[in-house]
Every structure is written in C-alpha cells, then in structure tokens.
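Asker: First, the structure itself, so that you have it in front of you.
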Amino acid sequence: MMKLYGAPGCGSAIVEMMFVLAGEQYRWVNVEGFDAPGPQRDALLELNPLGQVPTLKLDDGTVVTETAAIALMLLDAHPELAPPVGSAERQRFHRLLIWLVANVYPTFTYGDYPERWTSGSALELRDSTNRYRQQLYLWLESQLGAGPYVFGDHISLLDTYLAAMISWRPRQAWFEKNTPKMYAIALKVREREDLQEIISRNEL
C-alpha cells in the first residue's frame, strides 16, 4: 500500500482528499514536527532531501513529491477528476494547478520560515509574502465561475486545494470576505461525507 508522509493541516491534507476522490488506498504516516530537528524530520529526509510534505512512497519504492506531481499521477488512472482530455477546460485545469504550486506555494516556503532566508527583518519578509499571496488569491477569484466547483458541476482534484487553503493564511474570515467564490467552493468540498475523517483529523 502507498505510504503518504504528512502532518495535520499541511499540504498532505490536499493529497489525502485527492486519494479519497480517486478511491485509492493509502497509509498515512504522521511526521508532525518534520520542520524541526528530530526523528520525524530524519525519517522524512531519508525519502525527500527537501524535508517537505507531502511525500509519497509507492508500492515499488518510488518516491513522489509535490502535490501537483501526485495529482497528475492520479489523473493517469482517474482522468475523470479533471475536465475532459483535449478540452480547453483541461488545459485551464493544468494551468491553474501549476499556477498554484508555482506562485502561491513559494509564499509559504519563504513566509512561514522567514528567518531562514534573510539576515534582515524576518517580520518584513513574512508581511510582504502575506500581501503578495492575497493578491494571488484575488486573481484566482477573478478566474472562477458560478460554481459549485472550480469547473462547474463536477468536482476536480483542483478543488481539494481550496478546501485546505482557506484554513491557511490569511485564514477563513479573509477568504469569506474577499474571495467568496473560492470560499464557497472550499465549503462545498468540505461537506462531502467521504472527506469528513480527513477534514476532522487535519482540523480544516
């Protein structure tokens, strides 16, 4: 069985939701505390030299990292979890998927641990990445339609990102006020009965 290394409330929650939507079995390995020296980080570093979650170990021992890479892997077996192959919406799915991990994710990489990246004001770096992230979310909001999901009536793997992200900075109250379409999609995903155990365990 595939092993998913993660921590409550982190990006691994996104992959857990993806796996449930795809009907794929996995074993969750809790490495909470992975971002500080200790046995959890040591165990993770054996698989992923960046020491990041999610990290996925396949049955054959292959290691897959990055949420977008895992999403694309799942789509090979479950193409219905994105718009139809060959459609303009499928290309838009790819664009927004990569846009999220290429633009939004780095704001957390640098903003969550600013002291790692600057000898100056760590607070200033955190504040600037927080502001930039809000600008990115406002752009994403402008790309969304009437819902109930990112691509209309059918849920896709992209929707799982929003379900987790509204719990991250700038937090749910900001999303509800400033990006109501994103917020509504996230809540719609969180209502799914098959995701309740993951939602609860990750405190989303």
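The values are calculated or read from the model by the stated rules, or taken from the named source; none is laboratory data. Nothing here was measured: the structure is a model prediction, and the numbers come from that model. Here Cβ is always computed from backbone atoms with ideal geometry, including for glycine, and neighbour counts include all displayed protein chains. Heads up: the accessible areas ignore ligands, DNA and RNA and are worked out on the full protein's heavy atoms, side chains in. Shrake-Rupley method; radii C 1.70, N 1.55, O 1.52, S 1.80 Å.
Asker: Does at least one position in the stretch 81-90 carry a residue that is of a type outside the set (S, T, N, Q), open to solvent by 40 Å² or more (accessible area, probe 1.4 Å) and in contact with a helix residue (DSSP H, G or I) (Cβ under 9 Å, 6 or more places away or on another chain)?
Answerer: Taking every residue of the stretch 81-90 in turn, at least one turns out to be of a type outside the set (S, T, N, Q), open to solvent by 40 Å² or more (accessible area, probe 1.4 Å) and in contact with a helix residue (DSSP H, G or I) (Cβ under 9 Å, 6 or more places away or on another chain).
Asker: So which of Thr129, Thr107 ends up being touching a Leu at 6+ places or on another chain (Cβ under 8 Å), more than 24 Å from Ala22 (Cα to Cα) and not aromatic (Phe, Trp, Tyr)?
Answerer: Thr107
Asker: Sticking with this structure for a sec: Identify all residues within the stretch 119-129 that are touching a helix residue (DSSP H, G or I) at 6+ places or on another chain (Cβ under 6 Å) and open to solvent by less than 50 Å² (accessible area, probe 1.4 Å); write none if there are none.
Answerer: Ala122, Leu125, Thr129
Asker: In the stretch 130-167, which residues are among the hydrophobic types (A, V, I, L, M, F, W, C), in a loop (DSSP other than H, G, I, E, B) and surrounded by 13 or more Cβ atoms within 10 Å (Cβ to Cβ)?
Answerer: Scanning the stretch 130-167 gives Leu144, Val150, Phe151, Ile155, Ile166.
Asker: So which residues in the stretch 36-60 are under 17 Å from Glu16 (Cα atoms) and in a loop (DSSP other than H, G, I, E, B)?
Answerer: Gln52, Val53, Pro54, Leu58, Asp59, listed by residue number.
Asker: Select, from Gly33, Gly9, the only residue that is closer than 22 Å to Trp99 by Cα and surrounded by 13 or more Cβ atoms within 10 Å (Cβ to Cβ).
Answerer: Selected residue: Gly9, the only one of Gly33, Gly9 that is closer than 22 Å to Trp99 by Cα and surrounded by 13 or more Cβ atoms within 10 Å (Cβ to Cβ).
Asker: Could you check, for the stretch 52-72, whether at least one of its residues is open to solvent by 30 Å² or more (accessible area, probe 1.4 Å), at positive phi and under 18 Å from the mean Cα position of the chain (by Cα)?
Answerer: Yes, there is a match, as at least one residue in the stretch 52-72 is open to solvent by 30 Å² or more (accessible area, probe 1.4 Å), at positive phi and under 18 Å from the mean Cα position of the chain (by Cα).
Asker: For the stretch 168-198, give me each residue that is without any contact (Cβ under 8 Å) to a residue 60 or more places away in the chain, β-branched (Val, Ile, Thr) and in a helix (DSSP H, G or I).
Answerer: Ile185
Asker: Could I ask something else about it? Looking only at residues in the stretch 85-129 that are over 22 Å from the mean Cα position of the chain (by Cα) and part of a loop (DSSP other than H, G, I, E, B), which one is nearest to Leu157 (Cα to Cα)?
Answerer: Per the stated criteria, the residue is Val85.
Asker: If I go through the stretch 61-89 residue by residue, how many of them are of a type in the set (Gly, Ala, Ser) and without any contact (Cβ under 8 Å) to a residue 12 or more places away in the chain?
Answerer: Qualifying residue count for the region: 5.
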